[in-house]
Amino acid sequence: MEIPFVTKPRQDTGLYNAKLGIWLFLASEVMLFGGLFSSYIVLRINAAAENWPHGLLNIPIGTFNTAVLITSSVTVVLSWAALKMNDFARYRKLQAVTILCALGFLGTKSIEYSDKFTHYEIWFKNGDRQTGHIYHEGKKAWFWSNKTLEGVPELKDKDGKVLRPAVAPITELEFHPDAHHYAEAALAAKKSGGATEHKAAAEHKEGAHEAVKVKTADIKRLSAFVPAHSTYFAIYFTLTALHGLHVLAGALVIAYIWGPGAKMWKREPAQYTNRIEVSGLFWHFVDLVWIFLFPVLYLL
């Protein structure tokens, strides 16, 4: 049985089946991301200025990823045009660039995520706040919070066998403050007389980025730049992770059509070309979402 309107447009819509389907699917995607963006706007407008972080995302990395996705959109269009001109070899080269761009975007994003998991903000009991990296026993810390500083008691079974050795509380951390926080911290130290060790170290000139010892007794709260840090990072990870899943899904579809699915080109070139167009429409949508995400999360 032959399925109608696989390559020819329907009379009622002027679109072939797959193109009609992708536009309906993208309409549902607009509602998904539209709801999330609307939630962001409401939370952002009602947030107090001191509770909404600024300057904690890497703008050059975000700019690079924006350029990567825009490049991939161009190669998708050019690859579809190459098939329209029956130039399969050119299509393969251009679509390979698209796949590489997708992998480059995801790889860069994973590096950015990794940095967030090892980047911290410390709220001191005296009211100071500083961001930077934490080291303990010579290693960069991961997912530290106040709870992890308290240690754990020894755990034994009913026969007295040790199931988990005790972990002593951590009393001191090696903290590497971000350079741009030195000036603000130094001013606060001068106002209060520079009573604590971390404040005294902050009096070095901006950009020194020297390691200081921080006593855990002076810490009110400590959090990596993870969703638990603030509403801002909860939104950041929700939107960027969802977008990243869309990038991964789109890349897998494009890679399949480019690889194993390329056999269709010999027997149904028109239908194969339509598949490239449909996957390209999804890819353009993914790129468009990022073009909104970048200024909203990184620049505003």
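Structure notes:
- TYR236 vs. criteria at pLDDT below 95 and not assigned by TED's automatic domain parsing to the domain that holds TYR135: yes
- Scanning the stretch 117-145 for residues that are over 22 Å from TYR236 (Cβ atoms), surrounded by fewer than 19 Cβ atoms within 10 Å (Cβ to Cβ) and not acidic (Asp, Glu) yields LYS125, ASN126, GLY127, TYR135, HIS136, GLY138, LYS139.
- You will find that of LYS139, LYS93, LYS109, LYS161, the residue that is charged (D, E, K, R), outside the structural domain of VAL76 (by TED's automatic domain parsing), at pLDDT 85 or above and out of contact with any strand residue (DSSP E or B) (no Cβ under 9 Å at 6 or more places or on another chain) is LYS161 and no other.
- All of (1) buried (at least 19 other Cβ atoms within 10 Å of the Cβ); (2) touching a Ser or Thr at 6+ places or on another chain (Cβ under 8 Å) hold for ARG275 with one exception: (2).
- Flag if ALA81 is surrounded by 14 or more Cβ atoms within 10 Å (Cβ to Cβ), without any contact (Cβ under 8 Å) to a residue 40 or more places away in the chain and out of contact with any Asp or Glu (no Cβ under 7 Å at 6 or more places or on another chain): yes
To keep it simple, each residue is scored yes or no on (1) surrounded by 10 or more Cβ atoms within 10 Å (Cβ to Cβ); (2) closer than 29 Å to ALA270 by Cβ.
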position: LYS19; (1), (2): yes, yes
position: PHE25; (1), (2): yes, yes
position: TYR40; (1), (2): yes, no
position: LEU43; (1), (2): yes, no
position: ALA49; (1), (2): no, no
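- Residues considered: ALA224, ALA249, ALA262. Of these, the only one that is over 20 Å from VAL296 (Cβ atoms), out of contact with any helix residue (DSSP H, G or I) (no Cβ under 8 Å at 6 or more places or on another chain) and either surrounded by 19 or more Cβ atoms within 10 Å (Cβ to Cβ) or at pLDDT 90 or above (or both) is ALA249.
Residue by residue, here is whether (1) modelled with pLDDT of 95 or more; (2) polar (S, T, N, Q); (3) under 24 Å from the mean Cα position of the chain (by Cα) holds:
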| site | (1), (2), (3) |
| --- | --- |
| ILE3 | no, no, no |
| PRO9 | no, no, no |
| ILE22 | no, no, no |
| VAL30 | yes, no, yes |
| GLU50 | no, no, yes |
| THR71 | yes, yes, yes |
| LEU103 | yes, no, yes |
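- Within the stretch 77-93, considering residues that are among the aliphatic types (A, V, I, L, M) and part of a helix (DSSP H, G or I), the one farthest from ASP287 (Cα to Cα): ALA89
- Criterion violated by LYS156 - all others in (1) closer than 21 Å to PHE233 by Cβ; (2) surrounded by fewer than 16 Cβ atoms within 10 Å (Cβ to Cβ); (3) in contact with a strand residue (DSSP E or B) (Cβ under 8 Å, 6 or more places away or on another chain) satisfied: (1)
The values are calculated or read from the model by the stated rules, or taken from the named source; none is laboratory data. Bear in mind the structure is a predicted one, so any value in this text is a computation, not a measurement. A quick note on method: Cβ atoms are made from the backbone with ideal geometry, for glycine too, and the neighbour counts reach across all protein chains shown.
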